[in-house]
Amino acid sequence: MKREQAEIHALQALAWLAGNEDLLPVFMGATGASAEDMRSRAEDPEFLGSVLDFLLVDDAWVIACCDALDLPRDALMRARQALPGGRLANWT
C-alpha cells in the first residue's frame, strides 16, 4: 500500500474512532491524546500511525472499524506498515 492510501485509511479510522463513544475514551486514556491533539495532528503520519497501533491491539476493534468503513480486514495492518514506524521487523 502506498503512503497516501495508508494516510487516507488512517484518517478514516480516526474519524471512526472519534465517533465511537465507548472506544474514544479508551484511546485518549491509553495515549494521552486530547480532543485538540486529535484535531491538530490529524494529518501527522506519526499520529495516524499511533491511531492504527491502538486499533490493531484488539481484533474486535479492527473488525468493527473495517466493517464500518467497508475496508478489507487487513487494510489497517497494511496501512500501518506504510506509515512511519510501521515496518515489520525482519528477524532473519
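What follows draws every value from the coordinates through simple rules; no lab data is involved. As the structure is a computational prediction, the values presented were derived from the model and not from experiment. Cβ sites come from the backbone with ideal geometry, for glycine too, and all protein chains shown count toward neighbours.
Calculate one ³J(HN,Hα) per residue across the range 30-45 by plugging θ = phi - 60° into the Karplus curve 6.51 cos²θ - 1.76 cosθ + 1.60, and present them in order as whole Hz with x for glycine and proline.
Karplus values, whole Hz, x for Gly and Pro: 6, 9, x, 6, 9, 4, 5, 4, 5, 6, 6, 10, 4, 9, 8, x.
Please compute the contact order of the range 3-82 in relative form: average sequence separation of alpha-carbon pairs under 8 Å and at least six residues apart, divided by the residue count, as a percent.
46
Got a sec? Charge dipole of the chain, +1 on Cβ for Lys and Arg, -1 for Asp and Glu; which of Leu23, Pro84, Ala35 is way out at the positive end?
After comparing all options, I get Pro84.
Dipole magnitude of the range 3-82 about its Cα centre, charges +1 at Lys/Arg Cβ and -1 at Asp/Glu Cβ only, in debye to the nearest 20?
Approximately 140 debye in magnitude.
Can you give me the Kirkwood hydrodynamic radius for the chain, using every pair of distinct Cα atoms, in Å to one decimal?
Across the chain, the inverse of the average 1/r is 13.1 Å.
Within the chain, what's the longest run with no trypsin sites (Lys or Arg not before Pro) in a DSSP loop and at most 11 other beta-carbon atoms within 10 Å? Give the range, please.
The reported range is 3-86.
Identify which of Leu71, Leu52, Leu11 has the largest mean-square fluctuation in a Gaussian network model of the chain, with springs joining Cα atoms closer than 10 Å.
Leu71
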